[in-house]
Amino acid sequence: MIGRFITLEGGEGTGKSTQARRLAKALEARKLKCLVTREPGGSPGAEEIRKLLVSGEPGRWDALTETLLIFAARADHVARTIGPALVEGRYVISDRFTDSTYAYQGVGRDMPRETIRRIESVVLDDFKPDMTLVLDLPVDVGLARARARAKGAASDETRFEKFDVKFHERLRQAFTDIAKRAPDRCTVIDASGTEDEVAEAIWTQVARRFALG
Ligand code: TMP
């Protein structure tokens, strides 16, 4: 039996992690087995690589090195976490996946799209999510939420938040463009509503896509 692979994408502070958990709850309430995971990370080795990526100064890595680190983490994540869960027939919900690389490293850090596509092809062949939900939110609202969260949790995962507002504006546009280029796979969700409203909007789309009623 083969499961379904759903990804959540979007800029900083759009509520992806919360919504990933809410979606899993909704699926589990219908007796469907789930796995919630995240990138960079999602397997022990990939979580180690995550630490290198999300802490420190914005200029810590040049763009190609950063992209290779992300794909190294992704290769491990797919081999050890996502793949086995799909074979078990689970709904796998990942907080970020390859679309984030096209947005952050591609558009945000000027890595040529074709370079990313070639690395993607080596690492993933043609493995893609069955469905991608792009959570869209004005940049100032998202960054304020992300900063409040980082403060509360005394987190050191602030490297990408330190890039300037223009970087984040380009990201928002990049995610919307990705969704436009792949309309069969991607759905844009307005993330400015309450947590319940966003969860409801996501459930409507997921239920429709997989005929869950
Ligand atoms: P998170 O804040 O959603 O947990 O993601 C961690 C950071 O990693 C986030 O700032 C975006 C960044 N990232 C990339 O730059 N490229 C990628 O491909 C992924 C998956 C994440």
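The values are calculated or read from the model by the stated rules, or taken from the named source; none is laboratory data. Treat the numbers as computed from the prediction; the structure is a model and nothing was measured. Counting neighbours? That spans all protein chains shown, and the Cβs are built from the backbone with ideal geometry, glycine included. Surface accessibility is based on the protein's heavy atoms, side chains included, excluding ligands, DNA and RNA. Shrake-Rupley method; radii C 1.70, N 1.55, O 1.52, S 1.80 Å.
What number comes out for the charge environment of Asp125, summing +1 per Lys or Arg and -1 per Asp or Glu over other residues with Cβ under 15 Å away?
The answer is +2.
What is the percent carbon and sulfur in the accessible area of region 4-209, measuring with a 1.4 Å probe over the protein chains and ignoring ligands?
The C+S portion of the solvent-accessible surface of region 4-209 is 53 percent.
Mind checking which lysines have their C-alpha under 17 Å from Lys33, skipping anything on the same chain fewer than 8 residues away?
Answer for Lys33, where 17 Å is the Cα cut-off: Lys25, listed by chain and number.
Would you work out if region 4-209 is rounded, prolate or oblate? Take a ≥ b ≥ c from the square roots of the eigenvalues of the alpha-carbon gyration tensor; rounded if a/c is under 1.5, else prolate when a/b is larger than b/c, oblate otherwise.
rounded
State, to one decimal in nm, how far the label point of Arg147 lies from the label point of Asp190, with both points 7 Å from Cα in the Cβ direction.
For the pair Arg147/Asp190, the computed spacing is 2.6 nm.
In a shell of Cβ-Cβ distance under 12 Å around Lys162, excluding Lys162 itself, what net charge do Lys and Arg (+1) and Asp and Glu (-1) give?
Around Lys162, the surrounding residues sum to -3.
Roughly what would the spin-label model give for Thr176 and Phe210, points 7 Å off Cα along C-beta, in nm?
The two pseudo-label positions are separated by 2.9 nm.
Any idea of Ser155's accessible area? Nearest 10 Å², probe 1.4 Å.
About 50 Å², ignoring ligands and nucleic acids.
Expressed in nm to one decimal, what extension gain is obtained for the pair Thr65 and Ala79 from 0.36 nm per residue of sequence separation less their Cα-Cα distance?
Here the answer is 2.9 nm.
With +1 assigned to the C-beta of every Lys and Arg and -1 to the C-beta of every Asp and Glu, and no other charges, what is the dipole magnitude of the chain about the Cα centre in debye, to the nearest 20? Mind dumping the intermediate values first?
Working: 35 positive and 33 negative charges, 87 e Å.
Dipole magnitude for the chain comes out near 420 debye.
What does the charge add up to near Val198, with Lys and Arg as +1, Asp and Glu as -1, over the other residues with Cβ less than 11 Å from its Cβ?
The answer is -4.
Taking the solvent-accessible surface of protein heavy atoms with a 1.4 Å probe, what is the per residue accessible area of region 4-209 in Å²?
It amounts to 48 Å² per residue over region 4-209.
Under a 10 Å cutoff between Cα atoms, tell me which one of Thr37, Thr101, Thr18 has the largest fluctuation in the Gaussian network model of the chain.
Maximum among the listed residues: Thr18.
Report the residue, chosen from Ile70, Ile116, Ile93, that carries the largest GNM mean-square fluctuation when the chain is represented by alpha-carbon nodes joined by springs under 10 Å.
Greatest mean-square fluctuation among the candidates belongs to Ile116.
List the residues, sorted by chain then number, that are 5 or more residues from Val36 or on another chain and whose placed amide H is less than 5 Å from its amide H.
For Val36, whose amide H was placed from the backbone, the distant partners under 5 Å are Ile93.
In what order, largest first, do Arg117, Arg181 sit by accessible area if the probe radius is 1.4 Å?
Largest accessible area first, the residues go Arg181, Arg117.
Using the membrane-span-like helix rule (whole DSSP H runs, Cα extent along the own axis of at least 15 Å, mean Kyte-Doolittle hydropathy at least -0.5), which helices of the chain qualify?
Helices passing the filter in the chain: 44-54, 63-77, 113-124, 139-152.
From Cα pairs below 8 angstrom and at least 6 apart in sequence, can you work out the relative contact order of region 5-65, rounded to a whole percent?
Relative CO of region 5-65 lands at 15 percent.
Once you have the Cα-Cα distance between Thr115 and Lys25, take 0.36 nm times their residue separation minus that, and quote the gain in nm to one decimal.
Values: separation 90, 0.36 × 90 = 32.40 nm, distance 3.74 nm.
Full-extension gain reported as 28.7 nm.
Would you grab the residues whose amide H sits under 5 Å from the one on Ile189? Only those 5+ places off in sequence or on another chain, please, with H modelled 1.01 Å from N.
Amide H to amide H, under 5 Å and 5 or more residues apart or across chains, Ile189 pairs with Val134, Leu135, Asp136.
With Kirkwood's inverse mean 1/r over C-alpha pairs for Rh, give me the Rg to Rh ratio of region 107-211, two decimals please.
1.00
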